[in-house]
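J.: After the structure tokens below, expect a handful of questions from me.
What follows draws every value from the coordinates through simple rules; no lab data is involved. Remember, it's a predicted structure, so these values are computed and weren't measured experimentally. Cβ: placed from backbone, ideal geometry, glycine included. Neighbour counts: every protein chain shown.
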Amino acid sequence: MKLVEREVPPRTAWALEQAGVPPLLARLLAARGVREPAELDESLAQLLPPTGPQGLKGLPEAAALLADTVQRNGRIVIVADYDCDGATACAVMLRGLRLLGAQPVQVGYVVPDRAVHGYGLTPTIVDLALEQQPDLLVTVDNGIASLAGVAHARERGLKVLVTDHHLPAVVDGAIVLPDAAAIVNPNQPGCPFPSKSLAGVGVAFYVLLALRAELRQRGAYQEVPRLDGLLDLVALGTVADVVKLDANNRRLVAQGLKRMRAGRAQPGVMALFSAAKRDASKAQGFDLGFALGPRINAAGRLADMTLGIETLTTDDAERAWALASQLDTINRERREIESGMRDMAEARLEALVDALQGALPSAVALFDADFHEGVVGIVASRIKDRVHRPTFVFARGADGHLKGSGRSIPGFHLRDALDLITKREPDLLAKFGGHAMAAGATLAVDDVNRFALALARVADEWLQEQDLTRTLRHDGALPPEAATAQTAQLLDAQVWGQGFEAPVFCDRFELVSQRLVGEKHLKLRLRQAGRLIDGIWFNHVDTLPERVTLAYRLSLDEWQGQQRVQYIVEAAEV
């Protein structure tokens, strides 16, 4: 791994300091592109406006369509997705429509079974939704590429409102949108909305803001309903979907975290904190991405995402705890399956390297008949992290085809790569979709090696040697006097995540002692400038030399009511 220090624009850091930002934090924020103190205003008043010159394209039409349906007592069926973003988006839409005046009997939902229906608004999901006799279908976190599904719905006399954030379908080199009654997606052609990184749940929230404004204009309210009570769900889905945390997304997440810390989150969210043994009063983005999100996702991977959606929509605290406990059990099963499948994938990877006489291709595609379809994405991410290559992992689906999930590295747009492959070999991929860093693909069992060669060919063309070297960007040295609980609390209070990474510091240390704990973690005692401090390197067993350069995060370790600072090691250079 190559350690590279982030550049800090000195004038920007100085300007932030002059505005009252603590010096260390000013340096960190300036290095992440914050230019003005106004960007740090987390109030809802600073959210990008839903409509106007830079509003979401299609939002006025969507609001009118929903308002018409609600006011004439029509039935609305939400078509969800089977990941955490889709589940939270569905919960936001269900709760939001009821808050804004829809009767409970007016609103229902369907969610695909990953193994049976596949992704998105497929014709089979339309037929499933028809059993609820809807007047309007509303997709959340899917639908922008569902050309056949939307056409099938229209043939059945149904209107479709698509709310999504993924990239549209490309047919014969041209972008093609579904023939829906309205489309809201910041990534559709011609949409001027500045934040292209809204998650599916963020798009759903903006649709509700526009619906409220439309109904208010129609005189529907004596007292305008509040929607800020949904922001814990918006925060959870946004972080779990690993979208870029631009200023607008950071505001959404910050507001949701405030509600969690104050104990005002949905019963299901609070129950998930308890099931994960996390303290909601100290909620951070890390909790959402690595504790709550995986438990929701586990339902879609191994069971039925209905369980996740019901957890997020119940108002009964006891039922919420029972459902969250089920999700926790499923997540433990997921971890066991993932562990075994990861071992198999690494064995496949080693065999591939041996076959290439020690070389590693520029992109990796792995398949084993025993791989589980529900965890291919997680394993692809783990292998990608290990080898720093675009990686696809495939499993056999219920229909006999291979269903694959891919994860990428900076500089390699995975969905664009799949698009190029289909242009070169039109009969290779049955279908594909996704975005820059994550994508999915379906192909015939006999074509996996052909796909691996095609993907590696694109990677050879697009990636340079430096792109294939893992790089960790850090924030330079942390002054020893800043290694305090107060500094850790200051950093923990900020919103960090994808595209706005948590601070990682880097410095030279003398190693006083090191030992293994829990059989797989390296516990360290470090000396710097005459000061001793504890450190730990999770999932690392190799011993370190007496003097070493470490990249680390500052953390507060709590034990028996006592707080102490420790460094969590991310990487080392001898």
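J.: Return the FRET efficiency for the residue pair GLU61, GLU155: r is the Cβ-Cβ distance, R0 is 25 Å, and the value is rounded to the nearest 0.05.
T.: It comes to 0.70.
J.: How big is the gap, in Å, between the Cα center of the stretch 60-118 and the Cα center of the stretch 267-335?
T.: Their Cα centres are 21 Å away from one another.
J.: Another one. Need the full-extension length gain, ALA430 to ALA485, defined as separation in residues times 0.36 nm minus the C-alpha distance. One decimal, nm.
T.: 14.4 nm
J.: Does anything in the stretch 92-112 have its amide N under 17 Å from the 7 Å Cα→Cβ label point of ALA220, and if so which residues?
T.: Within reach of a label on ALA220: 92-108.
J.: What is the gain in length, in nm to one decimal, between GLU318 and TRP14 on full extension, counting 0.36 nm per residue of separation less the C-alpha to C-alpha distance?
T.: That pair, GLU318 and TRP14, stretches by 104.3 nm at full extension.
J.: Next question. Show which lysines lie in cross-link reach of LYS520 when reach means a straight Cα distance below 25 angstrom and same-chain residues fewer than eight apart are skipped.
T.: Straight-line reach from LYS520, under 25 Å: LYS2, LYS277, LYS384.
J.: Among DSSP bridges having both ends in the stretch 58-261, what percentage is antiparallel? Round to the nearest 5.
T.: Of the beta bridges lying entirely in the stretch 58-261, close to 15 percent run antiparallel.
J.: Under a point-charge model restricted to the Cβ atoms of Lys and Arg (+1) and Asp and Glu (-1), what is the dipole moment magnitude of the stretch 201-260 relative to its Cα centre, in debye to the nearest 20?
T.: 140 debye
J.: Shifting gears a bit: Where Rh is the Kirkwood radius over the Cα pairs of the stretch 211-282, the temperature 20 °C and the viscosity 1.002 mPa s, what D in µm²/s does Stokes-Einstein return?
T.: 158 µm²/s
J.: Right, here's the next one. By Kyte-Doolittle mean hydropathy of at least -1.0 and Cα axial length of at least 30 Å, which whole DSSP H helices of the chain are selected?
T.: 317-355
J.: Let me ask another. So what is the relative contact order for the stretch 473-573, in percent, with contacts set as C-alpha pairs under 8 Å and at least six apart?
T.: Normalised by residue count, the contact order of the stretch 473-573 is 27 percent.
J.: With an 8 Å cut-off on Cα pairs and a minimum separation of 6 or more residues, tell me the relative contact order of the chain in percent. It would help to have the intermediate numbers written out before the result.
T.: On the way: 1141 pairs, mean separation 66.8, N = 574.
Across the chain, relative contact order equals 12 percent.
J.: Something else: List the longest stretch of the chain that has no exposed loop site; here a site is one of the GluC sites (Glu not before Pro) assigned by DSSP to anything other than H, G, I, E or B, with at most 13 other Cβ within 10 Å. Mind dumping the intermediate values first?
T.: Values: sites that count: GLU7, GLU131, GLU223, GLU519, GLU546.
By the stated rule (loop sites, at most 13 other Cβ atoms within 10 Å), 224-518.
J.: How high is the relative contact order of the stretch 395-498? Use alpha-carbon pairs under 8 Å, at least six apart in sequence, and give a whole percent.
T.: 25 percent
J.: With no solvent and one point on each alpha carbon, what is the Debye value of log10 I(q)/I(0) for the stretch 473-573 at q = 0.10 Å⁻¹?
T.: The computed values of log10 I(q)/I(0) come out as -0.26.
J.: Further, regarding this structure: With each pseudo-label sitting 7 Å past Cα toward Cβ, what's the ALA359-ALA347 distance in nm, one decimal?
T.: Reported label-point gap for ALA359 and ALA347 is 2.7 nm.
J.: Please quote Rg/Rh for the stretch 62-137 to two decimal places, taking the Kirkwood radius as Rh and restricting both calculations to Cα atoms.
T.: Details: Rg = 12.4 Å, Rh = 12.7 Å.
That ratio is 0.97, to two decimals.
J.: When the scattering of the stretch 112-181 is computed by the Debye formula from its Cα atoms alone, each counted once and equally, what is log10 I(q)/I(0) at q = 0.24 Å⁻¹?
T.: One equal scatterer on each Cα of the stretch 112-181 leads to -1.07.
J.: If you take every DSSP beta bridge fully contained in the chain, what fraction is antiparallel? Give it as a percent rounded to 5.
T.: Numbers: 52 of 79 bridges.
Around 65 percent of the beta bridges assigned by DSSP in the chain are antiparallel ones.
J.: Divide the volume of the convex hull of the Cα atoms of the stretch 360-468 by its number of residues and quote the answer in cubic angstrom per residue.
T.: Considering the Cα atoms of the stretch 360-468, their hull volume per residue is 88 Å³.
J.: Still on this structure, I have one more. Once the other residues with Cβ under 10 Å from the Cβ of LEU366 are scored (Lys, Arg +1; Asp, Glu -1), what is the net sum?
T.: In short, -1.
J.: Of all DSSP beta bridges in the stretch 360-468, what percent run antiparallel (nearest 5)?
T.: So the antiparallel bridges in the stretch 360-468 amount to around 80 percent.
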